[in-house]
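Structure, as structure tokens:
The values are calculated or read from the model by the stated rules, or taken from the named source; none is laboratory data. Keep in mind it's a predicted model, so treat the numbers as computed, not measured. Glycine gets a Cβ as well: all are built from the backbone with ideal geometry, and neighbour counts include every protein chain shown. Side chains are part of the model used for accessible areas, which takes the heavy atoms of the whole protein and leaves out ligands, DNA and RNA. Shrake-Rupley method; radii C 1.70, N 1.55, O 1.52, S 1.80 Å.
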Amino acid sequence: MPPRWFVRHIYLPVAQSLIRGTSLQAERSLAQTQHQPLEVRAAENWERLRHLLQAAGRHVPFYRDRWAQAGIQADDIRTPDDFRRLPLLTRDDLITHREDLLNPRYQGERYWVETSGSTGRPIRIRQTRRFHSWTEATQWRARSWFGVQVGDPWMAIWGRPVKSRREQLSLSLRSGIKGIYHVSAFDLTEERMGEIWARTVRHQPRLLYGYASALFLLAQWVERQGLDGRLAGLRVVMTTAEMLYGFQRDLMTRVFGVPVSNVYGCGEVGAFAHECPAGRMHVSDETMQVEYLDRQGQPAAAGETADLILTSLFNEGMPLIRYQVGDAGSWLAGPCPCGRTLPVMSVTVGKTGEMVRTVGGRAFSTELFDYIHKDLLKRGITGVRQFRVVQNSLDRFVVECVADAGTAQATLEAFVEGFRQALGADVSVELSLLPELPRDATGKLRYFLSRLSGIP
């Protein structure tokens, strides 16, 4: 494995020169701007956003026509208030008007990217080299908060798409040079876990990165084997792409002996919010404009759960302006103890269409299951390795479980009873034992699956 100085000062500069990437320069810039006064950075970000809006309103067919229907021309957008009058962009728009969202004047390189479609509707969009460079830079800035630097070895447990042998060899070579150890989220059997852990200890990654459910499985295996998770040499565990529940965070922190940091983003706009060592999630506002709208479409108050509206500042080739991503969260007031001036947000609900809904109009965040599970653990009800709650109707739920060998039926019933009590006496909760829980096409594992349709 090459030393960090070689990767950072020789390999990456040469590689980025060949592909015209700028992530190293962007990383150095972000290291400075994270401490700027908020108003200074806001003024610079507005100029960047205004330039994007002018180009989109003049040259991108979708925005030119949609804004004209709303009585807005590109030259009318002079202030942040003008920006907030622009119509929202929806997932349906991305699917129906994909070609019309491209900027025909953009001369740079663009790549087709397909999002995971966690709501069942994958989307194909185009992203630019500049977009990828700045997104990668925000990732490395957040990793540096925990002492992980560009060139340090790291390990990723991720959904790996099927590639040709040539692409696989190319990825393995580049990853090896950069000190990255990739593990497929589709291959996490008991036998495979031993191989993964042995290689992890040899590799000594500073960062463990990937789906919360996959990293949680590894932590469970390490604890069951009575091994010392600190032997991995980690400095931080970073989870992304799934909801991170408290019971997962608690176990990984205990097993690996390092902080667990959550990363928020989506395939359409990339990762842009990262949890700092003080436990606050900071928005990289240099790359993303985030709005929080209440049910009336007005700016939400601090701490109020609201729809997240995103505008990516660096994807000029296919700009996503005021994109209604379908997640819910809130903005938080006051300075962060870490000293960084980046805005602070909270993502507590996940997809707004993935709420738990029961008879009588009751609705819950899926975080309910975290509280249930933690309460059961406190009561000594253990043996369930994984679980998922499937809602088939307003009054019918199934708790799918993967249990340790020899777990008593009474223990399993007690586990399910915890869900019955929390969801209420007017619902039915059944137990289903499975050898493993199926992941979706990207390798993600959701702890809640709703089969409801047409219920707001």
Multiplying the sequence separation of residue 407 and residue 203 by 0.36 nm and subtracting their Cα-Cα distance, what value in nm do you get?
70.0 nm
Any chance you could list P(r) for region 200-257, counting all Cα-Cα pairs in 10 angstrom bins from zero, rounded to whole %?
25, 61, 14
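Can you give me the accessible area per residue for the chain, using a 1.4 Å probe, in Å²? If you can, show how the numbers build up before the last one.
Numbers: 20800 Å² over 456 residues.
Per residue, the chain has 46 Å² of solvent-accessible surface.
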Let me cross-check residue 252: its accessible surface, 1.4 Å probe, with only protein heavy atoms counted, in Å² to the nearest 10?
0
Region 247-352 - convex hull of alpha carbons, volume per residue in Å³
114
What part of the accessible area of region 167-295, given as a whole %, is carbon or sulfur when the probe is 1.4 angstrom?
49
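Calculate, in nm to one decimal, what residue 434 and residue 375 gain on full extension: separation in residues at 0.36 nm each, minus their alpha carbon distance. Spell out each step's value before the answer.
On the way: separation 59, 0.36 × 59 = 21.24 nm, distance 2.29 nm.
Taking 0.36 nm per residue and subtracting the Cα distance, the gain is 19.0 nm.
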Using 0.36 nm per residue, how much length does the chain from residue 186 to residue 43 gain when fully extended, once their Cα-Cα distance is taken away?
47.0 nm
Order 280, 235, most accessible first, counting only protein heavy atoms with a 1.4 angstrom probe.
235, 280
Over all directions, how big on average is the projection of the convex hull of the alpha-carbon atoms in the chain, in square nanometres?
22.7
In whole percent, what relative contact order does region 229-361 give with Cα contacts below 8 Å and a gap of six or more residues?
17
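Quick check: net charge around residue 189, other residues with Cβ under 12 Å of its Cβ, Lys/Arg +1 and Asp/Glu -1?
Summing Lys/Arg as +1 and Asp/Glu as -1 gives -4.
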With the 8 Å Cα cutoff and a minimum separation of six or more residues, the chain has a relative contact order in percent of 14
With a 1.4 Å probe and every protein chain left in place, tell me how much accessible area residue 250 has, in Å² to the nearest 10.
80
Once the other residues with Cβ under 12 Å from the Cβ of residue 295 are scored (Lys, Arg +1; Asp, Glu -1), what is the net sum?
-3
